[in-house]
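To start, the structure itself, in structure tokens.
The values are calculated or read from the model by the stated rules, or taken from the named source; none is laboratory data. The model shown is predicted, which means the values in this text are computed figures rather than measured ones. Quick reminder, even Gly has a Cβ in these numbers, built from the backbone with ideal geometry, and neighbours come from all protein chains shown. Calculation scope for accessible area: heavy atoms of the full protein, side chains included, ligands and nucleic acids excluded. Shrake-Rupley method; radii C 1.70, N 1.55, O 1.52, S 1.80 Å.
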Amino acid sequence: MNIIITPMQPEDWPAVEEIYRQGIGTGNATFETESPGWEKWNASHHQHSRLVAREKDNVVAWAALSPVSARRVYAGVAEVSIYVVANARGRGIGKALLLALIEQSELHGIWTLQAGIFPENIGSITLHKSCGFRAVGLRERIGKLANTWRSVVLLERRSAKTGA
């Protein structure tokens, strides 16, 4: 695997958005049904801890953090987004990227990472657990996607380095 992980740049957005759209298309990656566009996406994610994985100069995966709350008490808690292009899944790229994201999050004072993942997305749940996340519960029928109530498994990872 010849993957290079770098900070995401604004010029990466077209590739990031395409990978995101692939995830949306699976019906098991997000409640979103369309891309929000760069401006809205950029405003809703932390400016730090935005990464892309490149293979032969092509973006094949991305990961970023978004705040879970505007309250100061939760300043060190962030939601994980991670997406891998369909033809690169199952090759360890997601794990390398998530481990790099964890490292970046700790450098920026994040003490808890959380992820809400559809129970049907076994690959993503397995990936997160392999990187130290634990399932803390099932949020039953938390939201609707295509007029169907969906549940999410809530996973979290508490840093041993930050906020100890």
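Couple of notes before you dig in:
- Check on Val136, among the β-branched types (Val, Ile, Thr) and surrounded by 15 or more Cβ atoms within 10 Å (Cβ to Cβ): no
- Positions within segment 27-41 being open to solvent by 40 Å² or more (accessible area, probe 1.4 Å), touching a residue at least 40 places away in the same chain (Cβ under 8 Å) and over 15 Å from the mean Cα position of the chain (by Cα), in sequence order: Thr33
- If the condition is being among the hydroxyl-bearing types (Ser, Thr, Tyr) and over 13 Å from Ala64 (Cα atoms), then segment 31-45 contributes Thr33, Ser35.
- Odd one out for Tyr74 among (1) within 22 Å of Trp149 (Cα to Cα); (2) touching a Pro at 6+ places or on another chain (Cβ under 8 Å); (3) without any contact (Cβ under 8 Å) to a residue 12 or more places away in the chain: (1)
- Complete set of residues in segment 9-41 that are in a loop (DSSP other than H, G, I, E, B) and over 22 Å from Gly123 (Cβ atoms): Gln9, Glu34, Pro36, Gly37
- Criterion: surrounded by fewer than 14 Cβ atoms within 10 Å (Cβ to Cβ) and within 23 Å of Gln47 (Cβ to Cβ) - qualifying residue of Gly109, Gly116: Gly109
- Long-range neighbours under 6 Å by Cβ, at least six apart or interchain, first residue without any contact (Cβ under 8 Å) to a residue 60 or more places away in the chain and closer than 16 Å to Gln22 by Cα within segment 52-63, second aromatic (Phe, Trp, Tyr) and part of a strand (DSSP E or B): Val52/Trp62; Trp62/Tyr83
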